[in-house]
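For reference, the structure discussed in these notes is given below.
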Amino acid sequence: MQTLSAPSRLRCEYFSNPLGIDPPRPRLSWVVNDPRRGAVQGAYQILAASTPEALHRDHADLWDSGRVLSDQSIHVEYGGPELRSRQRVFWKVRTFDREGAASDWSDIAWWEMGLLARNEWQAMWIGSPIVGGPYTIPPCPYLRREFVIEKPVAGARLYVTALGTYECELNGQRVGDYRLAPGRTEYRKRVPYHTFDVSLQLRQGRNCLGAILGDGWYCGHIHSDPRQIYGDRPRLFLQLEVRHPDASMTLITSDRQWRAGEGPIRSSDMLMGEDYDARMEIPGWSNPGYDDAKWSEVLTFDDPGIELVAHRAPPIRKQQELRPVAEPVISANRRRRIYDLGQNMVGVVRLKLRNAPPGKTIDLRYAEMLDKDGKLYTAALRGARATDHYTTRGGEQEVYEPRFTFHGFRYVEVRDLPGEPLDDAVTGIVFHSDTTPTGEFECSDPLVNRLQQNIVWSQKGNFLDIPTDCPQRDERLGWTGDAQVFIRTAAFNMDVANFFDKWLQDMADTQELAGDGRIHSVIPGVTSIYNEGGPAWADAAVICPWTIYRCYGDRRILARRWEMMDRFMEFLARTCPGHVRADESCKWRGYGDWLSDNAYTPQDLIGIAFYA
């Protein structure tokens, strides 16, 4: 028989070799490599084992699916014994064509389970005595703890989350490359955690674990609301598990042994921007041996009683860098330079300086366009300050890149830049949820091609853990109407299944909090827009799961969200007498034909159409 090429692009729950997942029956997918015209997979066989060595011998000590007659190559459920927390499973697959010819075995892939039960967490919620107010943004807390590892390190996992945002450091090195982790969620119901393999960052002897906390969406500004919607300050929750060759384990958690201090991030807010004073940097603060005697004891907080879940959405990561497309435009008094990055983007700016005097404050202001006089057009930002301030340390070279904020912009105005700027003084750092591109479109018309490029850039800029309406002004909300209109296009451009799966969980959580089955206008909900979404907005509860199923063949998302959809339809049945939705008797008729141009569509017509 003919030997077929081995299957490739092995995935588990849409991820390649995922670390720290929690579905009890993970689903496996692969690409069939049979280039013949009309080729179809006739069968498959999966082997799963506890070690890669076992798989090299074709020994499946966990699960051998046997030869399964099926053309299914996506979402095949693991069928072995019940999985345990921390368990790593190795797997490979081969396929058969319609005539029964077998392919080579694929390369070995793996997945690792996270912490599956709440009682396996021994950590405490900790934070700093630093606290702001409804309109006062405090400095970012720095937290640290030193500890001793008595035995050699065989492996280590850091399980970590925060109410707010966090960055962790271990022995002076950053842990991971995620931005704004753990992302945005419905904090009253659940918060996701991430798992990091930190085996190579630890050493036998003295170590130090540190964390910087940002207000994020938990206690920072959201929309036009005051700060502290969910809580008064950010909080850290982590568990470091260090395995030793003798199978024993050293456990380090967030607890009362940590110390809290302040550093150079004097304030940081998603909408307002970040203030950074480089003179207050703390060299060595996350290394063992740093003197933290002047730091304070951390505060501990009661468990909020929310679920801790493995993060199923792709993390926010840096995706690319943009350089200015022209020399900066300098103001008449030479205090301001406007840099044009040539593309409306979302992220931050990396600023580089050389030989600056200490204590010089540089302003970085952001805007999407210029006004008729060539100045930044900021009226559209409304209440968002969208400005970073950097105060120089002084020295041969300084590099600044904000940590806990983001901006939507093409132009950045740098004010009071000292001396002659470097050629790479300003670089745009683009980041968004790490949704892999899956489709392309190009045709002979450059305007249509530019339109498609604009669509892709809009998707990048509005996919930061949730699908938002805009990334620049004081809004940046998960409007349900925007998401349901765009979701099919989003799935053409990028792999968004896990991205929307996570957001739909936020939707179900917000619905459960409402109690009557309604779906809100924005997900997660905010206090200033806490109303039923109405036609085309609330209907995202049905349209979005169905679209993901249609695009990815994912039945599980329908099963997960069936209860939410059912509650929503019951809500409509109760509130739409005679099946007429949004008629004149309704107190809230929805947003209607939003942003129509000199046209009017009756709201009850829209309501009935979507209800039907």
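The values are calculated or read from the model by the stated rules, or taken from the named source; none is laboratory data. Keep in mind that what you see is a predicted model, and the values were worked out from it rather than measured. Note that we place each Cβ from the backbone using ideal geometry, even for glycine, and neighbour counts take in every protein chain shown. Heavy atoms of the whole protein, side chains included, go into the accessibility calculation; ligands, DNA and RNA do not. Shrake-Rupley method; radii C 1.70, N 1.55, O 1.52, S 1.80 Å.
Cut-off 14 Å, label point 7 angstrom out along Cα-to-Cβ of Ser528: give me the residues of the range 204-242 whose amide nitrogen falls inside. Counting backbone N atoms under 14 Å from the label point, the list is 220-229.
Of the residues Ser585, Gly428, Gly517, the one whose Cα sits farthest towards the positive end of the charge dipole of the chain is Gly428 (charges of +1 on Lys and Arg Cβ, -1 on Asp and Glu Cβ, taken about the Cα centre). Backbone phi angles across the range 164-177, fed through the Karplus curve with coefficients 6.51, -1.76 and 1.60 (θ = phi - 60°), yield HN-Hα couplings of x, 10, 8, 9, 9, 10, 9, 6, x, 10, 4, 9, x, 10 Hz in residue order; Gly and Pro are listed as x. Each residue of the range 87-101 is assigned a 3J(HN,Hα), and the resulting list reads 6, 9, 10, 9, 8, 8, 9, 10, 10, 10, 7, 5, 8, x, 6 Hz, derived from the Karplus form 6.51 cos²θ - 1.76 cosθ + 1.60 (θ = phi - 60°), x at Gly and Pro.
The aspartates and glutamates whose alpha-carbon is closer than 13 Å to the alpha-carbon of Lys587, local same-chain residues fewer than 8 away aside, are Glu532, Asp604.
Name the residues whose placed amide hydrogens come within less than 5 Å of the amide hydrogen of Arg190, ignoring near sequence neighbours (fewer than 5 apart) on the same chain. HN-HN under 5 Å from Arg190: Glu307.
Compute the label zone of Asp246 within the range 200-214: residues whose backbone N is under 16 Å from the point 7 Å along Cα-to-Cβ. Under 16 Å, as judged by backbone N against the label point of Asp246, lie 204-205 of the range 200-214. Overall form of the range 33-183: prolate. Here a/c, set by the Cα gyration tensor axes a ≥ b ≥ c, is 1.5 or more, and a/b is the larger of a/b and b/c. Entry note, the range 295-370: relative contact order of 17 percent, from Cα contacts under 8 Å with a spacing of 6+ residues.
A Cα-only calculation for the range 38-89 places Rg and Dmax at 12.7, 42 Å. Between rounded, prolate and oblate, where does the range 264-307 land on the alpha carbon gyration tensor, with a ≥ b ≥ c its root eigenvalues, rounded for a/c under 1.5, else prolate if a/b exceeds b/c? Oblate is the answer for the range 264-307, as a/c is 1.5 or above yet b/c matches or exceeds a/b. So what's the gap between the Cα centers of the range 359-413 and the range 307-353, to the nearest angstrom? Using only Cα atoms, the two centres lie 9 Å from each other. Across q = 0.11, 0.20 Å⁻¹, the range 377-528 modelled as identical point scatterers on its alpha-carbon atoms has Debye log10 I(q)/I(0) values of -0.60, -1.30, in the order of the q list. Label separation (Arg88 vs Ala559): 2.8 nm, computed from points 7 Å beyond Cα along the C-beta direction. Rounded to the nearest 20, the Cβ-based charge dipole of the chain about its Cα centre (Lys and Arg +1, Asp and Glu -1) stands at 460 debye. Summary value for the chain: 11 percent relative contact order, contacts being C-alpha pairs under 8 angstrom separated by 6+ residues. By the Kirkwood approach, averaging reciprocal distances over each pair of separate Cα atoms, the range 453-612 gets a hydrodynamic radius of 16.1 Å. Going by a ≥ b ≥ c, the root eigenvalues of the Cα gyration tensor, does the range 268-334 fall in the rounded group (a/c under 1.5), the prolate group (a/b larger than b/c) or the oblate group? Taking the square roots of the gyration eigenvalues as a ≥ b ≥ c, the range 268-334 is oblate. Taking the Cα centre of the range 314-410 as origin and assigning +1 to Lys and Arg Cβ atoms and -1 to Asp and Glu Cβ atoms, the resulting dipole is close to 140 debye. I need the fraction of alpha carbon pairs in the range 198-326 separated by more than 19 Å, rounded to a whole percent. Roughly 67 percent, once rounded to a whole number. Simple rule: put +1 on each Lys or Arg Cβ and -1 on each Asp or Glu Cβ in the chain, find the dipole, and look at Ile306, Gln204, Leu572; the Cα lying farthest toward the positive end is Gln204. At an R0 of 35 angstrom, the distance between the Cβ atoms of Leu605 and Asp71 translates into a FRET efficiency of 0.20.
Evaluated on the range 461-542, the Kirkwood hydrodynamic radius is 12.7 Å, with distances taken between all distinct Cα atoms. Within the chain, the whole DSSP H helices whose Cα atoms reach 18 Å or more along their own axis and whose mean Kyte-Doolittle score is at least 0.0 are 480-493. Each of Leu364, Leu115, Ala386 was placed along the dipole of the chain (beta-carbon charges, centred on the mean Cα), and the one lying farthest toward the positive end is Leu364. If you bin all the Cα-Cα distances of the range 371-458 at 5 Å, starting from zero, the percentages per bin are 2, 7, 16, 17, 17, 15, 12, 8, 4, 2, 0.
Here the range 531-612 is treated as an ellipsoid with the same Cα gyration tensor; its semi-axes, largest first and in whole Å, are 25, 16, 9.
Expressed as a whole percent, the accessible area of the chain that falls on carbon and sulfur atoms is 48 (1.4 Å probe).
In this rough spin-label picture, where each label sits 7 Å from Cα along the Cβ direction, the Asp177-Leu513 distance is 3.3 nm.
Each residue of the range 413-430 was assigned a 3J(HN,Hα) from its phi angle through the Karplus expression (A = 6.51, B = -1.76, C = 1.60, θ = phi - 60°), giving 9, 9, 10, 6, 6, x, x, 8, x, 5, 4, 10, 4, 10, 9, x, 9, 8 Hz with x at Gly and Pro. Just to check, using Stokes-Einstein with a Kirkwood Rh over alpha carbon pairs, what's the diffusion coefficient of the range 265-414 at 25 °C and 0.890 mPa s in µm²/s? Value of D from the Cα-based Kirkwood radius: 135 µm²/s.
Residues whose amide H comes within less than 5 Å of that of Ile362, counting only those at least five positions distant or on another chain, are Tyr390, Thr391, Thr392 (H built at 1.01 Å from N in the peptide plane). Measuring between alpha carbons in the structure, the pairs from Lys189/Lys502; Lys372/Lys460; Lys460/Lys502; Lys318/Lys460 lying more than 20 angstrom apart are Lys372/Lys460. The distance from the alpha carbon centre of the range 200-233 to that of the range 465-517 is 23 Å, rounded to a whole number. The residues of the range 510-612 present an accessible area of 53 Å² per residue when probed at 1.4 Å with all protein chains retained. In this structure the amide hydrogen of Gly20, modeled in the peptide plane, comes within under 5 Å of the amide hydrogens of Glu112, Met113, Gly114, none closer than 5 places in sequence on its chain.
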